[in-house]
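Below is one structure, written out as C-alpha cells, with a few remarks after it.
The values are calculated or read from the model by the stated rules, or taken from the named source; none is laboratory data. Just so we're clear, the structure is a prediction, and the values are computed from it rather than from any experiment. In case anyone asks, the SASA skips ligands and DNA or RNA and just uses the protein heavy atoms, side chains included. Shrake-Rupley method; radii C 1.70, N 1.55, O 1.52, S 1.80 Å.
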Amino acid sequence: AYVFQSHEEDDRKVRRREKNRVAAQRSRKKQTQKADKLHEEYESLEQENTSLKREIGKLTDEMKHLSQVLKDHEKICPLLHCTMNFVTVPRPDALASCLPR
C-alpha cells in the first residue's frame, strides 16, 4: 500500500539532505586543511634536517682540524716533553710558550 507523503515530510528530507551535504563539504575541507598543514610541517622539518646535517658536516670538519692542530702541538709542547712538569707545577714561561700568540 502506497502511503502519501506530506509536503512537510518532503521538506524535512530536503533539509536533512542539504544539512548532510554541507556537513560532508565541511568535513572534506577540514581534511584538506589538515593535509596541507601536515605537508607544510613536513617541508619545514625537511629544511631543518638539511640545515642540521650541514651544521654536523661543518662541526665534524672543525673537530678534525682542531684534532690535527692538537696532535701537531703535542709534538712540540714543552709541557708534555719535560718530565719535571709532571711532578712540579708548570712554569709560567713554559705555559706561555704553548699558548697562541
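Observations
- Carbon + sulfur, % of accessible area of the range 7-81 - ligands and nucleic acids excluded, 1.4 Å: 54 percent
- Listed by chain and number, the lysines whose C-alpha is less than 22 Å from the C-alpha of LYS64, apart from same-chain residues fewer than 8 away, are LYS53, LYS75.
- Rounded accessible area per residue of the range 1-82, 1.4 Å, Å²: 98 Å²
- For HIS65, solvent-accessible area (1.4 Å; no DNA, RNA or ligand), Å²: 110 Å²
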